[in-house]
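Participant: Please find one structure pasted underneath; my questions will follow.
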Amino acid sequence: MMNRTQRKFEQWGLWPRYEERMDDVLRWLANKGLVKAASDFTSSGQSSGIVAPSHVDVIRLPVSRPEKQTKAQIDATILKWREENKNESAIDHSHLMNVWSQLSQKGSGPKILNVNRLPADAIAFYRPFHFDPPHLFGIYIFVDRLLQYFEGIKRCSNALSVFTPSALMHIVLFEMFHHEFFHHIVESAATTFEIINDARGDDVPVYFPYRERMYNGGYAWHPHQPLEEALANAYAYNSISFTCRVKTGVKDTFAAKYQEALVRHWDLEPPGYKYAANYIRGNQVIGASHLLGMLLGASSPRNEAPLMKVAQAVLPNGFSAFYSKPDIPTYLIGDQADLDDFYKLVPVPQEAYCNLFWPIDTSGADLFIKEKRDEEKRAREAARRKALQPTLFDA
């Protein structure tokens, strides 16, 4: 039912034919011929070699919910989890000195990724909404592969002498999700250009031409192809830093150790993925500007500062994303046994992959680490003052 103002806009021919809902954007893309048919399960078209699961008991379980859970519902889930996992619900204080000794020494922490690490796209994938049918778009996570990777980390690391299995699974899930979410950011940016092209009267597709060139060596002028995969790895790394920017104790220190391991093991990944270290710690903007140039069809590097400013807004910061992290359709793929094992480790997945939320009570360990950090700070200050004091010889 239109109100008076809406009827006026309709009389003037200014009322849009579509609403601003994403469903209408998808219908617009289809009407413009910007959607391609896809018969396979993943339609990823990338080099990760993902194939459709062959077993028939596949469960596509949406992780994102139509209605967001209330804080009371989440708290109840966490309380129940803690009661059922009392041995994991808090870090054992008898091991706090071991925790501190591993966390406080740079480069000496647990080598938690000493495993045949698969790229994120081999454990999860992003299905673009440019593929038909678009309503199947979203992030898909193969739970069996995620659990197998997690078990591999446990077997070949000493991480669990410090961190619980649940904490480790949470940060792995967070990393995988953010890698895939970056692919959504890129597709959304390409779609934005397609909408702008149409508004200018130019019927110029962006996403598919870019995608074909990106994954088929079409941007030979750039040394880190496919660049989107390098930036997706870096985006996941940088998202961990952003989430843990408040130094609270165990969580942010553990995250830093995980990031150290990521950087070491990117070198073992395929082309593109392995170059992520070039785009972390503030260097993501230069890579984003290169990718933006690729989306716009550049055949050579575009290094103009204004393009970097635009790139920073629409790519690293995620402002171009059509869906927010809590709202993007996200699916767990696996049989019921795998799903049950997963939920034993991650009781509230959406909170985990959006915010790196832990159900574990780390308050005691956080206080301990804060006290140790304060103790070290006082010791450094005392040493500094002592170094500044005049000696007898000086006198």
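Participant: Can you tell me which residue is modelled with the lowest pLDDT among those in segment 280-322 that are surrounded by 15 or more Cβ atoms within 10 Å (Cβ to Cβ) and among the hydroxyl-bearing types (S, T, Y)?
Facilitator: Going through the qualifying residues, I end up with S320.
Participant: Check I112 against each of (1) aliphatic (A, V, I, L, M); (2) modelled with pLDDT under 75; (3) assigned to a helix (DSSP H, G or I) and name the one condition it does not meet.
Facilitator: Among (1) aliphatic (A, V, I, L, M); (2) modelled with pLDDT under 75; (3) assigned to a helix (DSSP H, G or I), the lone unmet condition for I112 is (3).
Participant: Separate question: Out of everything in segment 330-340 that is touching a strand residue (DSSP E or B) at 6+ places or on another chain (Cβ under 9 Å) and surrounded by fewer than 19 Cβ atoms within 10 Å (Cβ to Cβ), what residue ends up being farthest from Y126 (Cα to Cα)?
Facilitator: The extreme case among them is Q336.
Participant: Let me ask something else about it. List, please: which pairs have Cβ atoms under 9 Å, are six or more places apart or on different chains, and start with a residue in segment 3-26 that is under 30 Å from H135 (Cα atoms) and open to solvent by 60 Å² or more (accessible area, probe 1.4 Å) and end with one that is assigned to a loop (DSSP other than H, G, I, E, B) and modelled with pLDDT under 70?
Facilitator: That search, which allows pairs on different chains as well, returns E10/M2; W15/M2.
Participant: Still on this model: Mind counting the residues in segment 34-49 that are at pLDDT 55 or above and open to solvent by less than 60 Å² (accessible area, probe 1.4 Å)?
Facilitator: 3
Participant: Additional query: If you go through segment 270-279 one residue at a time, how many are touching a Leu at 6+ places or on another chain (Cβ under 9 Å) and crowded, with 21+ Cβ neighbours inside 10 Å?
Facilitator: Of the residues in that region, 4 qualify.
Participant: Something else: So, in segment 189-213, how many residues would count as being in a helix (DSSP H, G or I) and out of contact with any Gly (no Cβ under 9 Å at 6 or more places or on another chain)?
Facilitator: The qualifying residues number 13.
Participant: Could you grab me the full set of residues in segment 218-249 that are in contact with an Asp or Glu (Cβ under 6 Å, 6 or more places away or on another chain) and in a helix (DSSP H, G or I)?
Facilitator: A236
Participant: Residues of segment 234-272 being within 17 Å of the chain's Cα centre (by Cα) and hydroxyl-bearing (S, T, Y), which ones?
Facilitator: Hits for segment 234-272 are Y235, Y237, S239, S241, T243, Y258.
The values are calculated or read from the model by the stated rules, or taken from the named source; none is laboratory data. What you see is a predicted model; the values in this text were computed from it and never measured. All Cβ positions, even for glycine, are placed from backbone atoms using ideal geometry, and neighbour counts span all protein chains on display. What goes into the accessible areas is simple: the full protein's heavy atoms, side chains included, and nothing from ligands, DNA or RNA. Shrake-Rupley method; radii C 1.70, N 1.55, O 1.52, S 1.80 Å.
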